[in-house]
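Contents: one structure, followed by commentary.
Just so it is clear, none of the values below were taken in a lab; they were calculated from the coordinates. Because the structure is predicted, anything quoted here is derived from the model rather than measured. As a convention, Cβ positions derive from the backbone with ideal geometry for all residues, glycine included, and neighbour counts pool all protein chains shown.
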Amino acid sequence: MTIASQSSPEAMTASPPAAAPATPDRTPARRRTTLTRNRWGYAYVAPFFLVFGAFSLYPFVYTAWISLHKTSLSDINGGTWVGLENYRNLLHNEFFWNAARNTLTIGVLSTVPQLCLALGLAHLLNYKLRNRTFFRTVMLMPYATSIAAATLVFSQLFGRDYGLINTVLQSVGLNPIDWEGGTWSSQIAIAVIVTWRWTGYNALIYLAAMQSIPGELYEAAEIDGASRWKQFLNVTIPSLRPTILFTIVVSTIGAVQLFGEPLLFAGNGTTSGGASGQYQTLGLLMYQQGWSNFHIGQAATTAWAMFMIILVVVGLNALIGRLRARADR
Amino acid sequence: MFHSMRGKAALGAALAAVLLTAGCGGSDDSSDDSAASYDPDAPVTLTVGTFGTMDFDNAGLYDEYMKLHPNVTIKENNIAQSANYYKALQTHLAADSGLDDIQALEIGFVADVVQNHADSFVDFAAEDNGDELKGNFYDWKWGQASTDDGKTIGLGTDSGPQAMCYRKDLFGQAGLPTDREQVGQLWSTWDQYLDVARQYKTTTGKPFLDSPASVFSSSVYQGDEAYNDEDGNPIPEDSSGVKTAWGLASQAASEGLTANLKQFGDEWNAAFSNGAFATIACPAWMLGYINSQMGDAGTGLWDIAPLPGASESASNWGGSFLGVPAEGKNVEAAKDLAEWLTAPEQQITLFTETAHFPSSPKAAEDPAVVDATNAYFSAAPTGQIFGQAAENIKRTPIGPYDTQIQDAFTTALTDVAANGTDPDEAFDNAVKAANQAIGG
């Protein structure tokens, strides 16, 4: 596991690796010779940037271009220019706001328990246990499962008439729940799938960071008479803060993009996200606009709106993290 | 070597451009002169794009054609889900590349092709044998694939005349008649059908039909208009057919007469074997679906009666067409194959081998079809039942968004049945979703 071998918690933050230390006394001439000497470096990184340009940057810009047109899937280059009208319509579209609300609630329902559970699991696995490697491997298994396979199994478990969960509920005398039909029940069910899949992954990241916390801190805390719980709160958590911020950022991005689970949870391929759109996320709305209704301009607009939302949310996260760090100093 | 950022960017852009054009190239082969140089005996490989189970291969039609024309090799590209197939077809049309020599078109999408892509397909009405071809099909079938100015972009394969399938054993347990004549008399109208459903629910405590969609999707096509006006413009809110169908289906949904299963979902599939419902609206192709879900255990449990209201107007659900992209490499050979596959003789084979009901009255009136019975469905005279329905089908105008509009209404009906949402509120929601799909 490469993750487990990371030694510094800083390495887990979202910030790019620090640039090579600059030497201020370099003359322009020297810099040029260094660049020339490094020309093979550019050749080596070129393939990545070519692929990035063709499959990330170009679609990115092209999506923005399409979002300014009213066009359909089969006439993708022949639409009519409408400027920002798609964006104005989106802001007045109740389907967009419904999807945004669902994305937020499902995001909270899945991210919060997921990260808390991961933190607890990592703490437990940090103890000296028998078969520790086995437990650590098992935890990563859900992450290695495909979304489609996991969701299909879960949607059967949550089935209304023949699902295992309702069978259990009925056997203990409770009423069966129409998991897919209700608003909260469907969102909880989807949050369970997400949580199941990502908890182990986050736990391993936390575990790696925990292992780099110096033992002396705990020894000192113990001498001061701090209980295990106090040690967790006052030593472990503060030391993990950059890592926690990283996992929050990554989980938030994942939550905004949530798509496969709600699409497959319906069970018959509809893209409406439930009878009243009760679990239609932004990703699913975009798919419905583009690939069920064939309004590719609308879909591109929604895609860009999602991108903006992610930028804002991640920016807020980073800002809060930085303010906290400054307050600690 | 490139020393500046601009140089590198230029290199990247140039290479990306090369990659992209290479990926999209090769579509410029024009076939303007293909008709002149067409040699029917030259070796040719034809590709046929299909979706779901169209069964040309299962019915042995490809093999037969290749035997008749040893120079032809047929290759089928099948995509299981109709919606996914259509997405791929749309992108191929947009890129003008990657199209098969023959493309199947489902009824839910054919109007989009008729309205927006008619020029990309061969016009069969303009062929020398155009009148003869037209005479092969029901008027409504030919009309569905024709533009206002008389171009016809596809030849009909099967059709989906509807009847009502019912479980004889469950009817017997509920004290209802089981004989198909008597069952047919129980419901000459949809209101009577709903009364039987209420009676069944009171007696057994169980739902009578699988889903409100069974009522909605079949009764909506019995009126003069379904989702579109005469010109093919979507009118989900004002259509008389939608209003009638919604009234009936929302009664069934709000009174709990249905099992509220989502058609083609997992639980729906499982419910066939579990006897969770006693009736289901049955287009001809549904018979094969029921058979595949229940297997041999279901033999003789089912029978078929006419659809409620069938004496006044029958209803069609599904059916497909074969179109030939006009810019293909083998247009002439592809036309020959498409005409042969959809000819009455082959439609008869498709019915007797795989139960797809013909879209050609010549085929439907053939003794092999008229006298056909289905052993699995208690030897019901399927040829007569569906043949009568097919004759009574009106030409309801179809439009480019029928699939999405139907989805919006059946989804809202699920909401009524599952959450007790007020039918009027659910109707408004459905209209909003439909308008969203139309693009308003």
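The ratio of the alpha-carbon radius of gyration of the stretch A:40-102 to the globular-protein estimate 2.2 N^0.38 Å is 1.61. Over the Cα atoms of the stretch A:59-146, the radius of gyration divided by the Kirkwood radius equals 1.28; this is the Rg/Rh ratio.
Working note: 222 nm ellipticity from helices only, DSSP H runs with n ≥ 4, each -39,500 (n - 2.57), summed and divided by the residues of chain A, gives -20500 deg cm²/dmol to the nearest 500. Exposure proxy ranking for B:427, A:232, B:121, based on other Cβ atoms within 10 angstrom of each Cβ and starting from the fewest, stands as A:232, B:427, B:121.
Between residue A:241 and residue A:319, the C-beta separation translates, for a Förster distance of 22 Å, into a calculated FRET efficiency of about 0.90.
A full extension of the chain between residue B:178 and residue B:422 corresponds to an added length of 84.3 nm, given 0.36 nm per residue minus the alpha carbon distance.
For the pair the stretch B:37-110 / the stretch A:140-212, the C-alpha centres are spaced 41 Å from each other. Taking the Cα centre of chain B as origin and assigning +1 to Lys and Arg Cβ atoms and -1 to Asp and Glu Cβ atoms, the resulting dipole is close to 1540 debye.
Using the membrane-span-like helix rule (whole DSSP H runs, Cα extent along the own axis of at least 27 Å, mean Kyte-Doolittle hydropathy at least -1.0), which helices of chain B qualify?
In chain B, the long hydrophobic H runs are B:5-24.
In this entry, the stretch B:297-355 is assigned a mean projected area of 7.2 nm², taken as a quarter of its C-alpha convex hull surface. How many nm separate the modelled label positions at residue A:169 and residue B:199, each set 7 Å beyond the Cα in the direction of the Cβ? In this crude spin-label approximation the distance works out to 3.5 nm.
Under the simplified labelling scheme, the residue B:312-residue A:147 pair shows an inter-label distance of 4.8 nm, with each label point 7 Å from Cα along Cα→Cβ.
What dipole magnitude, in Debye to the nearest 20, does the protein assembly as shown give about its Cα centre under +1 on Lys/Arg Cβ and -1 on Asp/Glu Cβ? Mind showing how you got there, number by number?
Numbers: 44 positive and 76 negative charges, 1264 e Å.
With only Lys, Arg, Asp and Glu charged at Cβ, the dipole is about 6080 debye.
Computed from the C-beta positions of residue B:91 and residue A:130, the FRET efficiency with R₀ = 60 Å rounds to 0.65.
Within the stretch A:88-328, the ratio Rg/Rh, alpha carbon atoms throughout and Rh by Kirkwood, equals 1.04. Dipole orientation for the protein assembly as shown: of the candidates A:299, A:201, B:341, A:201 has the Cα lying most toward the positive pole (charges on Cβ; Lys, Arg +1; Asp, Glu -1). The equivalent ellipsoid that matches the C-alpha gyration tensor of chain B spans semi-axes of 41, 28, 20 angstrom, in descending order. Of the residues B:227, B:401, B:416, the one whose Cα sits farthest towards the positive end of the charge dipole of the protein assembly as shown is B:416 (charges of +1 on Lys and Arg Cβ, -1 on Asp and Glu Cβ, taken about the Cα centre). Projecting the Cα atoms of A:282, A:245, A:149 onto the dipole axis of the stretch A:88-328, where Lys and Arg carry +1 and Asp and Glu carry -1 at the beta carbon, places A:245 farthest toward the positive end.
Reported to the nearest whole Å, the Cα centre-to-centre distance from the stretch B:224-278 to the stretch B:183-213 is 15.
Only the Cβ atoms of Lys and Arg (+1) and of Asp and Glu (-1) were treated as charged; on that basis the dipole of the stretch A:88-328 about its Cα centre amounts to roughly 400 debye.
Extent of the protein assembly as shown along its three principal axes (Cα atoms, max minus min coordinate, largest first): 94, 73, 49 Å. Dividing the Cα radius of gyration of the stretch A:134-184 by 2.2 N^0.38 Å, with N the residue count, gives 1.44. Entry note, chain B: relative contact order of 24 percent, from Cα contacts under 8 Å with a spacing of 6+ residues.
Helix-only estimate, please: 222 nm mean residue ellipticity of chain B, summing -39500 (n - 2.57) across DSSP H runs of length 4 or more and dividing by its residues, to the nearest 500.
Numbers: 20 runs with 207 residues, N = 440.
Mean residue ellipticity, 222 nm, calculated: -14000 deg cm²/dmol.
Here the relative contact order of chain A, from alpha carbon pairs under 8 Å that lie six or more residues apart, stands at 28 percent.
With both labels modelled 7 Å from their Cα along Cα-to-Cβ, the residue A:101 to residue A:311 distance reads 2.7 nm. Using the Cβ-Cβ distance between residue A:84 and residue B:77 with R0 set to 45 Å, the FRET efficiency from 1/(1 + (r/R0)^6) comes to roughly 0.65.
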